[in-house]
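Data block below; observations after.
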Amino acid sequence: MDVQPASELVVRRCKPCEGGVEACSLDDARAQLGRLPGWQLTHEGQRIRKDWTMKNFMAGMNFFEQVAQLAEEDGHHPDLHLESYRKVWIELWTHAIGGLSENDFILAAKIDQLPVAVR
């Protein structure tokens with residue numbers, strides 16, 4: 001996987017993945033995350049995650065709605081989490097390969113462009 005700036009990732013579309021491709025290496029994932037502020041590796045480098053503290057409960061729900069629409073358009077669906085009424089986090093990974101693919105970084109860059117009502 002080539003490391004790309006977020007500005008290049010956001011113009012790309014996620015490619016359908018039904019498995020049969022290798023997950024990106026830990027070194028590639030770390031390098032790509034250097035271009036996506038706030039995202040971090042989890043699950044021994046198999047997933048990426050970002051956390052936000054929203055202004056209120058409805059701000060979190062509105063953010064999730066925007067993420068859901070974006071994910072549906074790209075055909076790549078994240079895990080969305082809400083706790084303590086306004087703390088949200090998103091986790092990305094390519095389920096079909098059990099690790100990270102370029103799709104995860106594309107969607108992360110697109111999520112970063114969404115408006116966020118934080119505290």
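Laboratory data are not the source of any read-out in this text; all were calculated from the coordinates shown. From a predicted model like this one, the values you see are computed outputs, not experimental measurements. Please note: Cβ atoms are built from the backbone with ideal geometry, for glycine as well, and neighbour counts cover all protein chains shown.
Residues that are closer than 17 Å to Ala6 by Cβ, of a type outside the set (Gly, Ala, Ser) and assigned to a loop (DSSP other than H, G, I, E, B) within segment 30-57 comprise Arg35, Leu36, Pro37, Trp39, listed in sequence order.
Filter segment 1-21 for residues that are part of a loop (DSSP other than H, G, I, E, B) and either under 19 Å from His77 (Cα atoms) or aromatic (Phe, Trp, Tyr) (or both) and give the result. Steps first, answer last, please.
If we filter segment 1-21 for residues that are part of a loop (DSSP other than H, G, I, E, B), which is where we start, we get 1-5, 10-21.
Listed by number, the residues that qualify are Val10, Val11, Arg12, Arg13, Cys14, Lys15, Pro16, Cys17, Glu18, Gly19, Gly20, Val21.
Could you list, in sequence order, all residues of segment 43-77 that are under 10 Å from the mean Cα position of the chain (by Cα), without any contact (Cβ under 8 Å) to a residue 60 or more places away in the chain and under 16 Å from Glu102 (Cα atoms)? Arg47, Arg49, Ala71, His77 - these are the residues of segment 43-77 that are under 10 Å from the mean Cα position of the chain (by Cα), without any contact (Cβ under 8 Å) to a residue 60 or more places away in the chain and under 16 Å from Glu102 (Cα atoms). A Cβ distance below 7 Å, combined with a sequence gap of six or more or placement on separate chains, defines the contacts here; from segment 16-42, residues that are closer than 22 Å to Asp112 by Cα reach residues that are small (Gly, Ala, Ser) and loosely packed, with under 14 Cβ neighbours inside 10 Å in the pairs Pro16/Gly75. The residue that is nearest to the chain's Cα centre (by Cα), among those in segment 78-88 that are closer than 16 Å to Leu107 by Cβ and surrounded by 15 or more Cβ atoms within 10 Å (Cβ to Cβ), is Pro78.
Taking (1) in contact with a Ser or Thr (Cβ under 6 Å, 6 or more places away or on another chain); (2) surrounded by 15 or more Cβ atoms within 10 Å (Cβ to Cβ) in turn, Val10 satisfies each apart from (1).
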